[in-house]
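What follows is a single structure, written as structure tokens, with notes after it.
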Amino acid sequence: MNAVKTFLLLGALTALFVLVGQQLAGNDGMIIALTFAAVMNFFSWWFSDKLVLAITGARPAADGDLANVRRILSELARAGGMPLPKLYVMETPMPNAFATGRNPANSAVAVTRGLVSLLSDDELKGVIAHELAHIRNRDTLISTVAATVAGAIFMLARMSQWAMMFGGRGGGRNTRRGGGVEMLMVALFAPLAAMIIQMAISRSREYIADRSGAALSGNPLALASALRKISMGVARNPVEPSPVTNHLYIVHPFSGKSALALFSTHPNVEERIKRLEAMAELSERTKYAVPRIIR
């Protein structure tokens, strides 16, 4: 269901882009904006792992470091039939983790010192499985497609602001009555709509990764327990929000009391826990093991 929702949201984002492009710049302007945004996002996708790891300050884990995490990562990658991602560590007390990379063959999993010291091995297994699910489901690619279209929408909205400053497009169709009002509405609300759709896509992918990760680890309750502990740990050790990397973490890396939580790219932690508990209850009630892989 969440996969269908992601597809529909991507469709809505694309439809919004087409609508904005036709309203503001016609076909030529729409193609130029989309091409520029696609090129920009292609390069950031291709080098996403290096960029994200550099921005977050993550460094490769030394051979003798994080032995339990390395063992869990290896076991889960083998169980999921995936290439073994590189392991990185962030020297911060905030408990969190993220995965990056353009595909399973070029991927990395990063964990914080705070996460490793806070969680049990079973809980770490749930978190690592969640991150491997992001890699397996190619969520980086989905996020890049969404960013490409949203980026084009933002560019077209900016074009509309310049058009209004210089009196519109002359003899074009926006000189008709109401054209200026339409351009103002597009400039104000199209970027907001694009941002909301992007957040909805990210939240859908988190639910899918929770479910897929719980299936890979075979223990939904361990992941639920980890999410609860991480959420509490983030509240005690929040970091400054970064719009570039916030969506990658398993739990949004700033306190839920912040006003920015209203625009979080992550679903509510309690709702995620509730779904995982329901998944475990269903497995217990039906006496079947948790399915190994759920997309």
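The values are calculated or read from the model by the stated rules, or taken from the named source; none is laboratory data. Owing to the predicted nature of the structure, the values given are computational and were not obtained by experimental measurement. Please note: Cβ atoms are built from the backbone with ideal geometry, for glycine as well, and neighbour counts cover all protein chains shown.
Observations on the structure shown:
Okay, residues lined up against (1) in a helix (DSSP H, G or I); (2) among the β-branched types (V, I, T); (3) more than 21 Å from I208 (Cα to Cα):
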{"position": "D65", "(1), (2), (3)": "no, no, yes"}
{"position": "R78", "(1), (2), (3)": "yes, no, no"}
{"position": "M82", "(1), (2), (3)": "no, no, no"}
{"position": "P93", "(1), (2), (3)": "no, no, yes"}
{"position": "T100", "(1), (2), (3)": "no, yes, no"}
{"position": "D122", "(1), (2), (3)": "yes, no, no"}
{"position": "L132", "(1), (2), (3)": "yes, no, no"}
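- Among the residues listed as R136, R176, R169, the single one being of a type outside the set (G, A, S), modelled with pLDDT under 70 and touching a Leu at 6+ places or on another chain (Cβ under 9 Å): R169
- For beta carbons closer than 8 Å, sequence separation of 6+ or different chains, a first residue in segment 57-86 that is in contact (Cβ under 8 Å) with a residue 60 or more places away in the chain and a second that is of a type outside the set (A, V, I, L, M) and outside any loop (DSSP other than H, G, I, E, B), the qualifying pairs are L76/K125; L76/S217; G80/R136.
- Any chance A146 is hydrophobic (A, V, I, L, M, F, W, C), at pLDDT 90 or above and either assigned to a helix (DSSP H, G or I) or touching a Lys or Arg at 6+ places or on another chain (Cβ under 9 Å) (or both): no
- Residue match in segment 36-55 (condition: at pLDDT 80 or above and small (G, A, S)): yes
- Residue list for segment 229-279, restricted to those being buried (at least 18 other Cβ atoms within 10 Å of the Cβ), among the hydrophobic types (A, V, I, L, M, F, W, C) and at pLDDT 85 or above: I230, V234, I250, V251, V269, I273, L276, M279
- Taken over segment 29-55, the criterion of being over 21 Å from I142 (Cα atoms) and not aliphatic (A, V, I, L, M) is satisfied by G29 alone.
- The residue that is farthest from the chain's Cα centre (by Cα), among those in segment 20-33 that are assigned to a helix (DSSP H, G or I) and either at pLDDT below 70 or within 23 Å of S204 (Cα to Cα) (or both), is G26.
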